[in-house]
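The values are calculated or read from the model by the stated rules, or taken from the named source; none is laboratory data. Remember, it's a predicted structure, so these values are computed and weren't measured experimentally. Positions of Cβ are generated from backbone atoms using ideal geometry, with glycine treated the same way; all protein chains shown enter the neighbour counts. In case anyone asks, the SASA skips ligands and DNA or RNA and just uses the protein heavy atoms, side chains included. Shrake-Rupley method; radii C 1.70, N 1.55, O 1.52, S 1.80 Å.
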Amino acid sequence: MENTINWSELSFGYMKTDYNVRCYYRNGKWGELEVSSSEIINIHMSATCLHYGQEAFEGLKAFRGKDGKIRIFRLDENAKRMQSSAQGIKMAEFPIEKFEEAVLKAVKLNERFVPPYGSGASLYIRPLLIGLGALIGVKPADEYMFLVFVTPVGPYFKTGFKPAPVCIMRDYDRAAPHGTGTYKVGGNYAASLAAGQKAQEKGYAAVLYLDPKEKKYLDECGPANFFAIRDNTYITPASTSILPSITNKSLIQLAGDSGLKVERRPVPVEELSTFEEAAECGTAAVITPISRIDDLDEGKSYIYTKDGKPGVTCEKLYNELLAIQTGDAPDPYGWTTVL
Ligand SMILES: Cc1ncc(COP(=O)(O)O)c(C=O)c1O
């Protein structure tokens, strides 16, 4: 099977792998991890995940190093964020140690799908937590299922590490000011589909959302956080409606340790004209430099590339992050779990 996969041609899509790992919450407690080779889940038609959006997920990656070892990036942070999402929409929290055990098991069992070093591809890991209990009233379920599957992926944006344009459209929000934007729950993604599709039809890689309350500040880019570089400073929005990106958290650390100043604060839209570089960051996007931001309502454009090339700071951070993820560089922060 692995001989037939063209690793360097992989897109960010689903491919069937051998096994997934499951666990059920019943009678107030989590059961044992179960291994399944089926891609199908059999659930009650009245399950709360289907009607009331009791669904949270995570996204993390495993990388094959030059040394042949497999490294999983920031496993513990993803486990914690899934707990936060569970609290946010009143689901049973999946224990951190069980999360880590389930992910390690899923990667190990599908080891042959971890793309080779240097292919530009990685193994995407998708943990999922859903409400199973059958209810008709709007209430949290009493039964849950945790599941983790993996799939080998290439770059999220077709352009890879090449600057891509994004747009601002004030008619759409992905989350409410004090809603569920800080949780990784399905409803936020459903709310982003219409704007995302419209942006793509117009040739943009993503929508750069503004804060939903006042539309004065930058929020985040569809499925990724936003950061900019100016005067040797890494600037990224603080907001009550964005997902706390683990990639962004890592870049903040790397930027600070390599001598950049770091500002995490509300970022007014007017600052767009002052940035030297701008980028999206996330597990899937890694760092995707932004070539241009078109403000479609105000008819303004902000350009961040020269000759279509990524900015030097984005490129440096990208290389540093990837080197830690693949094991090319030491991991002084303890971010990677070696399988
Ligand atoms: C809405 C949103 N923002 C930001 C991110 C980036 O978060 P992370 O770096 O943890 O992948 C994601 C997921 O990748 C996301 O879905």
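List of remarks:
- Of all the options I130, I290, I41, the one that moves most in a Gaussian network model of the chain with Cα springs shorter than 10 angstrom is I41.
- Apportionment of accessible area to carbon and sulfur, segment 164-325, percent (1.4 Å): 50
- Per residue, segment 2-153 exposes 46 Å² of solvent-accessible protein surface, assessed with a 1.4 angstrom probe and all protein chains in place.
- Relative contact order (%) - the chain, alpha-carbon pairs under 8 angstrom, separation at least six: 19
- Fully extending the segment from A190 to S273 would add 26.8 nm, taking 0.36 nm per residue of separation and subtracting the current Cα-Cα distance.
- For segment 2-153, with all protein chains in place and a probe radius of 1.4 Å, 50% of the accessible heavy-atom surface sits on carbon or sulfur.
- Once you reduce segment 294-315 and segment 162-190 to the center of their Cα atoms, the two points are 20 Å from each other.
- For segment 50-143, trypsin sites (Lys or Arg not before Pro) are listed when DSSP marks them as loop and at most 16 other Cβ atoms sit within 10 Å of their Cβ; the list is K66, K69, K90.
- With protein chains left intact and a 1.4 Å probe, residues in segment 164-325 average 42 Å² of accessible area per residue.
- Extension gain for the segment Y117 to V35, taken as residue separation times 0.36 nm less the Cα-Cα distance, is 26.8 nm to one decimal.
- With a simple spin-label model that places each label point 7 Å from the Cα along the Cα-to-Cβ direction, the separation between S258 and R170 comes to 3.6 nm.
- Listed residues E55, E270, E93, most fluctuating in the chain (Gaussian network, C-alpha, under 10 Å): E270
- Percent antiparallel among DSSP beta bridges (both partners in segment 120-206, rounded to 5): 90
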